[in-house]
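Nothing in this text is a laboratory measurement; each read-out follows from the coordinates by a stated rule. Small disclaimer: the values here were computed from a predicted structure and weren't measured. Note that we place each Cβ from the backbone using ideal geometry, even for glycine, and neighbour counts take in every protein chain shown.
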Amino acid sequence: MTLASEQTQLDWGAPSQPKASGGLAWGALAAVVAILGVATLVLFNLRGLLAREVLSSSAADAAMVAVLAACTLLVWPASRAIAASFRVQPNLAAGDLVAARIAAASSREWSFITLGYGAAALLVLGGIAFFTANDGQVSKTFFDAKLIRDFTPLVAKAFMVNVLIFMCAEVLVLIWGLLVAIARLIPGEAGRPVRFLATVYCDIFRGFPVIITVYLVGFGIPLAGLPFLGDLPLPCYAIFALTLVYGAYVAEVYRSGIDSVHWSQMAAARSLGLSHLQALRHVIVPQAIRRIIPPLLNDFIGLQKDTALVQVIGVLDSFNQSRIIASNHFNLSAVTIVGLLFVLITIPQARLVDRLVEHDQRRMRAGG
Amino acid sequence: MPLLEMLGVRKAFGSHDVLRGLDLSVNEHQVVCLIGPSGCGKSTLLRCINGLEGIQDGEIRLAGDRVSGPGVDIDRLRRNVGIVFQSFNLFPHMSVLENVTLAPICVLKQPRAEAEARAMALLKRIGLEAKARDYPDRLSGGQQQRVAIVRALAMDPKVMLLDEITSALDPELVSDVLDIVRDLARQGMTLMLATHEMGFAREVASKVCFLFEGRVHEEGPPDKMFGDPEEERTRGFLKRIIEAGRL
């Protein structure tokens, strides 16, 4: 054991000094002052606009004061940053390097907090400035309060057509996509032609723009004059077209989910005497579905939004309805309603999926 | 007549020959331990017997009937030949009880109540009846492996293949699993096990086979194999095992 004795003293160098903090802290304070200036300007402009539109109210004033007060709150972290930076030098002078480093780190932390919240405040103020620009024309074009109030019921009623279309399409897509995915995974030589066809289908319809599929199916099938298929109601063609396209997407999602289940699970299931299909049904697909719920929701949200495309074949859905209102009133507020309705139905679904995933994970980790 | 016979079994993965004309026979109630360096084909052999891998040449016979190659009812073969893997491979989305009853219900068409009663009896034997409703994630590796053994046993196999079933376990969990195997051997189950637990092999085996380069290089009763092996390779292998403190 000669090693230890041969070891030389390691050269650690000088202990690390506190990082610079004063400049950053004063910079943060300057940024806060600038933001307050911008806020005053923007809100002053807004107040003038409201006065001209005879929309002034004490509530609006209170809201504006609140925004200004929120911006003023930024002074607090900035002052903490400066106060902390003032503690660095005395600590250094007293020889307490550790305390000096802590003070500097704390000062920098508070500076960054000031800047982070300040950036967010600037973005919000920028948004207000945009919508009050051109004497408020911007906000009136998109958010005319009266139009929104008057036409929300009508647009919402038309939105039920979108809901009907995507609900039907989603059910069909779930079934059709799984069938295609399983077709792509059929093993052996006998399965080769089916695999090939399924692959071709996926390649074509994943590449085909949704709007063109809707257009071709919606106009083409009635045009071809097929018996029965030729005279279905328009939404049926929309559902069919969306199922074709999203079936291809979802088949890929299923397939990646099935692929992501380790092959040893298949081996274990087969070794117990389960057939290929039994193993898929009881062991592989249930595990795959748990993993694909989040990407599946993504595709479903895409599908829901794409129901707005069915207006190209003349389905009177919410978008089509809102466009009629928009051209009658020379104002886009009704179209904004449609967009907001789509957002409104998406958010609860996202939360539901979060809950499902969480619940499932808890269950698998839980005792009986 | 041997219960299980391998005659000139050849298996290659691409250009890599794993089994090169392997001959081996297992009699009923025998416990056959496969030992040998890693990559010698122990696991591959077990997987071939169970039909998880096809073989290129030779023949595998179960109770005199050919069970390799085309025309074999592979699902029926697997009902008679259970296999337990190194990595347990329990189904994570099913409770312990569901893991054990899946194949009896699905394949043997047992009524659920009957399958569950049998599963509970088996779980009780390994002291895990309290865990029946738990999911595999909640179990230790040793408990998971015991459940995996029970899952295979629920199909009433005639032969059990155990593929390095203790290799993935923490040392203190190994003995619980080996106890079950010892019980099985005592009850007369025909067992084939690939293992690195030489002490255990020496204790329970009726025959020890040293696999080398895709063949059974030497076989014999455990005392002979571990005490006084004839082949140079076998001696070399055992010497390294002893040096590693595993025997």
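In vacuo Debye scattering of the range B:1-99, one point per C-alpha: log10 I(q)/I(0) at q = 0.17, 0.20, 0.25 Å⁻¹?
-0.83, -1.08, -1.46
For chain A, take the longest principal axis of its alpha carbons; what is the angle in degrees between that and the long axis of helix A:234-260, to the nearest 10 within 0 to 90?
Taking the Cα atoms of chain A, the angle to A:234-260 is about 60 degrees.
Counting only DSSP beta bridges with both residues in the protein assembly as shown, what percent are antiparallel, rounded to the nearest 5?
In the protein assembly as shown, DSSP labels about 55 percent of beta bridges as antiparallel.
What's log10 of I(q)/I(0) for the protein assembly as shown at q = 0.08, 0.10, 0.11 Å⁻¹, Debye sum over Cα points only, no solvent?
After summing over all Cα pairs, the log10 values are -0.88, -1.00, -1.06.
Could you work out the helix-only [θ] at 222 nm for the protein assembly as shown, with each DSSP H run of four or more residues adding -39,500 (n - 2.57) and the total divided by the number of residues, to the nearest 500 deg cm²/dmol?
Taken over the protein assembly as shown, the calculation gives -21000 deg cm²/dmol.
Once you have the Cα-Cα distance between A:Gln349 and A:Asn45, take 0.36 nm times their residue separation minus that, and quote the gain in nm to one decimal.
Roughly 105.5 nm would be gained on extension.
Out of B:Leu169, B:Asn89, A:Leu356, whose Cα points farthest toward the positive end of the dipole of the protein assembly as shown (charges: +1 Lys, Arg; -1 Asp, Glu; placed on Cβ)?
A:Leu356
Angle, helix A:22-52 long axis vs. longest principal axis of chain A, Cα atoms, 0 to 90°, nearest 10?
Tilt relative to chain A: about 60 degrees.
If the only charges are +1 at each Lys and Arg Cβ and -1 at each Asp and Glu Cβ, what is the size of the charge dipole of chain A around the Cα centre, to the nearest 20 debye?
Charge dipole of chain A: 460 debye, to the nearest 20.
Given that compact globular proteins tend to follow 2.2 N^0.38 Å, what is the ratio of the alpha-carbon Rg of chain A to that value? Provide the component values of the computation, followed by the final result.
Numbers: Rg = 31.1 Å, N = 368, 2.2 N^0.38 = 20.8 Å.
That ratio works out to 1.50.
Positive end of the dipole of the protein assembly as shown, charges at C-beta (+1 Lys, Arg; -1 Asp, Glu), about the Cα centre: which of B:Val67, A:Ala60, A:Gly247 has its Cα farthest in that direction?
A:Ala60
Hand me the trypsin sites (Lys or Arg not before Pro) from the range B:84-125 located in a DSSP loop with no more than 10 other Cβ atoms within 10 Å, in residue order please.
Here the trypsin sites (Lys or Arg not before Pro) that fit, given the DSSP loop and packing criteria, are B:Lys109.
How do A:136-146, B:176-186, A:48-58 rank on mean C-beta neighbours within 10 Å, highest first?
B:176-186, A:136-146, A:48-58
How many lysine pairs does the protein assembly as shown hold where the Cα atoms are under 17 Å apart and the two sit 8 or more places apart or on different chains?
Step by step, the pairs that qualify in the protein assembly as shown add up to 5.
Can you give the mean number of other chain Cβ atoms that lie within 10 Å of the Cβ atoms in peptide B:70-80? Please list the in-between numbers first.
Values: counts 0, 0, 0, 0, 3, 7, 1, 1, 5, 2, 1.
Average neighbour count from other chains, rounded to a whole number: 2.
Ranked highest first by the average count of other Cβ atoms within 10 Å around their residues, in what order do A:207-215, A:64-72, A:247-255 fall?
Ranking, from highest mean packing down: A:247-255, A:207-215, A:64-72.
Roughly how many whole Å is it from the C-alpha centroid of the range A:108-177 to that of the range B:116-163?
The distance from the Cα centre of the range A:108-177 to that of the range B:116-163 comes to 55 Å.
Viscosity 0.692 mPa s, temperature 37 °C: Stokes-Einstein D of chain B from its Kirkwood Cα radius, in µm² per second?
177
Just grab the label-to-label distance for A:Ile301 and A:Val54, each label 7 Å out from Cα along the Cβ direction, in nm (one decimal).
For A:Ile301 paired with A:Val54, the spin-label model returns 4.3 nm.
Take every DSSP beta bridge whose two residues both sit in chain B, then give the antiparallel share in percent to the nearest 5.
The antiparallel fraction comes to roughly 55 percent.
Any chance you could list the semi-axes, whole Å, largest first, of the equivalent ellipsoid that the Cα gyration tensor gives for the range A:253-368, using √(5λ)?
Listed largest to smallest, the semi-axes of the range A:253-368 are 44, 17, 8 Å.
To the nearest whole number, what is the average tally of beta carbon atoms from other chains within 10 Å of the beta carbons of peptide B:131-144?
If you average over the peptide's residues, the count of other-chain Cβ atoms is 2.
Nearest 10 degrees is fine. How inclined is helix A:333-365 to the longest principal axis of chain A, computing both from alpha carbons?
Between the helix axis and the principal axis of chain A, the angle is about 90 degrees.
Given the options A:Leu223, A:Gln321, A:Leu179, identify the residue whose Cα lies farthest towards the positive end of the charge dipole of chain A (+1 on Cβ of Lys, Arg; -1 on Cβ of Asp, Glu).
Going by the Cα projections, it comes out as A:Leu179.
Would you mind giving the mean number of other chain beta-carbons within 10 Å of the Cβ of each residue in B:81-94, as a whole number?
Working: counts 2, 3, 5, 2, 4, 1, 3, 2, 10, 2, 10, 7, 12, 5.
For peptide B:81-94, the averaged partner shielding equals 5.
Report Rg (one decimal) and Dmax (nearest whole number) for the range A:22-141, counting Cα atoms only, units Å.
Expressed in Å, the Cα Rg and Dmax of the range A:22-141 come to 19.1, 65.
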